[in-house]
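See below for the structure under consideration.
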Number of protein chains: 2
Amino acid sequence: MNLQTPHAFEPPSAIAPNCLTATQALQALQKDRVSAIELVKACLQRIEERNHDVRAWLHINAHALEQAAKLDALPKDQRGKLHGLPIGIKDVFETKDMPTTFNSPNFQGHQPGQDAAVVDLLRAEGAIILGKTDTTEFAAAGRNAATGNPHDTQFSSGGSSAGSAASVADFHVPLSIGTQTGGSTIRPASFCGVYAFKPTFGMVSREGFKIYANSLDTVGWYGRSVADLALLADVFGLTETIRPKPSTLRLRICMSLGPYCDRLQPEALHAMNVAADRLRHGGHEVAGSDLPADFDALDGHHRTILHREGAAAFRNLARRFGGELHDDFHHRVENRDRRSLTELRHAYDAAAQARVAFDALAGDFDAILVPSAPGYAPEGRHPGDPVFNAMWTLLGVPCVNIPVFLPDAPLPIGITLTGPRFSDCALLASAGLVAPLIDCAPTPHV
Amino acid sequence: MNLQTPHAFEPPSAIAPNCLTATQALQALQKDRVSAIELVKACLQRIEERNHDVRAWLHINAHALEQAAKLDALPKDQRGKLHGLPIGIKDVFETKDMPTTFNSPNFQGHQPGQDAAVVDLLRAEGAIILGKTDTTEFAAAGRNAATGNPHDTQFSSGGSSAGSAASVADFHVPLSIGTQTGGSTIRPASFCGVYAFKPTFGMVSREGFKIYANSLDTVGWYGRSVADLALLADVFGLTETIRPKPSTLRLRICMSLGPYCDRLQPEALHAMNVAADRLRHGGHEVAGSDLPADFDALDGHHRTILHREGAAAFRNLARRFGGELHDDFHHRVENRDRRSLTELRHAYDAAAQARVAFDALAGDFDAILVPSAPGYAPEGRHPGDPVFNAMWTLLGVPCVNIPVFLPDAPLPIGITLTGPRFSDCALLASAGLVAPLIDCAPTPHV
């Protein structure tokens, strides 16, 4: 985390409980150096101070302090893996005790009365659902989140998981849950300067979250360290990996700007080169490699799948709400771009082939270093261009965003480490090894 | 429909409104020859007479007659595509005004308070959700449906969509919704002697239905004619097709017993041969063809994907309910069969390759004729062996079950017509052309 950057936002006192990473907070809770109530109070106070500017939240859990008190009363041997940790939930996941609005005018006050599978798992492990974070409508299109970038609220926090990224970046919560269909988890992490993880497709249940594109939608999450990302990976059952964790301290990294490198802004190219230099300086090997030539078609295939699957996803809403539903969704339902089923089938088949090709290439390295975003966060509230993320979502491979601390930068920027499908644990282990080198930000003392 | 079979069950009077197909009922409603109230009353009376034996239903909509009265009052130009049609919903889909139990002891009385996407679409088109039909627990494993085969309740109606198949077969409703992850839509149709359709994977929203295996779960449906299946296909937006509908009355059909033909019982082999003979007799061409040799691995790949994806799907329930959840689900969550991620990845990649190979083969024919089940329904309540369906579910291709009327058979049996991915409309058109030949049952006069 870029705690002492020259960015416009004022970081809170480094010893405030809300500034602890999740892993630090768990240790402090275990050693009775902080209580769940104190942790929640500090988070709520930070939200109180900051949310009128940052606007990360659509709803705050009015019972968070009561829930914290109950957790504090629990004997230590009955505590879950996330005992006492406040967590933000992107408002596309159902929560039994809070509204789930999808940031849609059509669902204001909507109360499904049940928890999404991931929310259920978080609660079972003792997490406190602190509230619902703002999102692009249905995590898809329509209206943007109102969330501003915590480093300068004139700028976007990215999207669609805008509030989830901003709330962790701005020390409202140590952890939050987002989703990714194009670049909706990783890109906001790059813009806001936080860690984020999008696991291999299909490994975490999406039950109770608003589906947009069935082959792409993936649960992702945010934290302020790789260890925090691994904590949630464990809770969600990502404990196995298709290949062993790195057995040496000298990693083999492959750097690739990818087929869309002409859309990379100077700051993003600079961040990639700085990351590579820091890795080499830290004793790691950084090789360059081109991706297969036909990968340049993947972004188009992604969009074909996104729009055609979106037609099925929004069909009933278009029927129910008619003109009251944002036109973006009618656009998909009516297939106004006229993407044919032949194109769709070809997109599926080409993606399946590319998955095999990428896994073979990535299998020779501990991680593949690729851009997280075209550049800094744009002004306003536009979620930004997903071109550097959509390909990896389509391939279904795990991705970690690591912030690249650059002392004179006006806004944060990050890079992505990726690897073969199902290498989630190994990738998180590699990312944990190299993140302190890449991030390089002065860390808070607790 | 085998209306005048020698089966044990007594078919109702052929002029009762509940005996109309959906298409016939729509016409009768349009011409004021029957009202929605009369239709619902006839269905409820049939359920009253038969459900204590057949046990197709877990819940009946107490407001169905009121809803029918409202629909009857609606001017004709404001009526939906399914105006006044009673429909059964497998109890794995959320319904805002009825319990959704998944036939699980852990969810008795569960009320999500919202409609699944398909239920929302059905209601929007004027259908009356008559109730929730029995199912294998979570449409997956655990406890079986209590539903008996309407033709002889000593026998199974198949599963997991047991109640949906039986309710249509037994004239409780003209239409019902099921799901298929292995053989859960097509196999019960074969056992009960009704028409069923499983569309191409991903074309119909699964939002609000209990996920088991993300790459396999598909919404399917039942009717008593191909026209009725096409009616729902239209409502769900399956209006486009990757290839044109058949332009000739002489179809080219490919018959294949598939790689698991050694598991075919004599009655199923007989049904296949009878269907082929009737097609030839009706002037169609029936060629034989072997599927690619490596297709014999697809059933294993299906099971690997089923169990590993099931682990993600049931993880939160295993955490929440512990020993109160049926051991079958813990089996999946704990991966007790020790299926590795390497196997899983290989299963995905092999399936993707096989999809391309099958589409190429199937593209030369108007339909591929394959078995719907290994034989007659088994005794008891076991859902039956999915080996003749799982492969097609894995390939994601559309499948239609057509009953094969055999005058002296003790129980119904069907065959499947399948075709390339996204050929849904063309396949339904082909099935509509040949179904009267294959089924060959005396039809009810209305």
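Taken together, the values in this text are just the output of simple stated rules run on the coordinates, not laboratory data. Predicted model, so just to flag it, every value in this text is computed and none were measured. Reconstructed Cβ throughout: ideal geometry from the backbone, glycine too, with neighbour counts over all protein chains shown.
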(message) Over 10 Å intervals from 0, what percent of Cα-Cα pairs in the protein assembly as shown sits in each interval?
(response) 2, 13, 22, 24, 18, 11, 6, 2, 0
(request) Assign one of three labels to the range A:90-239, namely rounded, prolate or oblate, based on the Cα gyration tensor with a ≥ b ≥ c the square roots of its eigenvalues; rounded applies when a/c is under 1.5, prolate when it is not and a/b is larger than b/c, and oblate otherwise. (result) rounded
(request) Determine, from the Cβ-Cβ distance of B:ASP262 and A:HIS346 and an R0 of 35 Å, the FRET efficiency 1/(1 + (r/R0)^6), rounded to the nearest 0.05. (result) 0.45
(request) Excluding residues fewer than 8 places away in the same chain, name every one of the lysines whose C-alpha is closer than 27 Å to that of B:LYS76. (result) B:LYS31, B:LYS41, B:LYS96
(request) Please work out the C-alpha center-to-center distance from the range A:187-259 to the range A:331-352 and express it in whole Å. (result) 27
(message) Could you check the spin-label model distance between B:LYS245 and A:GLN45? Points 7 Å from the Cα along Cα→Cβ, value in nm.
(response) 7.0
(request) Enter the Cα centre distance for the pair the range A:397-446 and the range B:61-106, rounded to the nearest angstrom. (result) 51
(request) Compare the peptides B:425-438, A:384-397, B:284-297 by average per-residue count of other Cβ atoms within 10 angstrom and give them in order, highest first. (result) A:384-397, B:425-438, B:284-297
(message) As an exercise, identify the trypsin sites (Lys or Arg not before Pro) in the range A:93-143 lying in DSSP coil whose Cβ has no more than 15 other Cβ atoms within 10 Å.
(response) A:ARG143
(request) Rank the residues B:CYS19, B:CYS440, A:CYS399 as a footprinting-exposure proxy: fewest other Cβ atoms within 10 Å of their Cβ go first. (result) B:CYS440, B:CYS19, A:CYS399
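Within a Cβ distance under 14 Å of B:ASP234, other residues only, what is the Lys/Arg minus Asp/Glu net charge? Let's see the in-between values first.
On the way: positive: A:ARG315, A:ARG319, B:LYS81, B:LYS245; negative: B:GLU125, B:ASP228, B:GLU240, B:ASP424.
Neighbour charge sum, excluding B:ASP234 itself: 0.
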(request) Please report, largest first and rounded to whole Å, the three semi-axes of the ellipsoid equivalent to the range B:289-446, where each semi-axis is the square root of five times an eigenvalue of the C-alpha gyration tensor. (result) 33, 23, 13
(message) Which GluC sites (Glu not before Pro) in the range A:20-51 sit in a loop by DSSP (not H, G, I, E or B) and have at most 12 other Cβ atoms within 10 Å of their own Cβ?
(response) none
(message) Highest mean first, how do B:159-166, A:165-172 rank when packing is the count of other Cβ atoms within 10 Å averaged over residues?
(response) B:159-166, A:165-172
(request) Note down the Stokes-Einstein diffusion coefficient of chain B in µm²/s, whole number, using a Kirkwood radius over alpha carbon pairs, 25 °C, and 0.890 mPa s. (result) 114
(request) Please compute the net charge surrounding B:SER176, taking Lys and Arg as +1 and Asp and Glu as -1 over other residues with Cβ under 12 Å from its Cβ. (result) -1
(request) For B:LYS198, go through the lysines and keep the ones whose alpha-carbon is under 19 Å away, minus same-chain ones fewer than eight residues off. (result) B:LYS90, B:LYS210, B:LYS245
(request) Provide the descending list of Cα extents for the range B:328-409 along its principal axes, expressed in whole angstroms. (result) 48, 41, 13
(message) If I model a spin label as a point 7 Å beyond the Cα along the Cα-Cβ vector, how far apart are those points for B:ASP53 and A:ALA293 in nm?
(response) 7.0
(message) Net charge around A:TRP392, counting only other residues with Cβ within less than 12 Å of its Cβ (Lys, Arg = +1; Asp, Glu = -1)?
(response) +3
(message) Using Stokes-Einstein with the Kirkwood hydrodynamic radius over Cα pairs, what translational diffusion coefficient do you get for the range B:99-177 at 20 °C and a viscosity of 1.002 mPa s, in µm²/s rounded to a whole number?
(response) 160
(message) If you take each beta carbon of peptide A:315-323 and count the beta carbons of other chains within 10 angstrom, what is the mean?
(response) 5
(request) Would you please give the FRET efficiency between B:ASN273 and B:ALA73, computed as 1/(1 + (r/R0)^6) with r the Cβ-Cβ distance and R0 = 60 Å, to the nearest 0.05? (result) 0.70
(message) Semi-axes of the equivalent ellipsoid for the range A:367-418, please: Cα gyration tensor eigenvalues, times 5, square-rooted, ordered largest first, whole Å.
(response) 21, 15, 6
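Let me know the shape class of the range B:16-164, please: from the alpha-carbon gyration tensor, a ≥ b ≥ c as square roots of the eigenvalues, rounded when a/c is under 1.5, otherwise prolate if a/b is greater than b/c, or oblate.
Values: a/c = 2.33, a/b = 1.48, b/c = 1.58.
It is oblate, given that a/c is not under 1.5 and a/b is not larger than b/c.
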(message) What FRET efficiency comes out for B:ARG338 versus A:GLU379 if R0 is 60 angstrom and r is the Cβ-Cβ distance? Round to the nearest 0.05.
(response) 0.70
(request) Using just the helices of chain B, give the 222 nm mean residue ellipticity in deg cm²/dmol: DSSP H runs with n ≥ 4 each add -39,500 (n - 2.57), and the total is spread over all residues, rounded to 500. (result) -11500 deg cm²/dmol
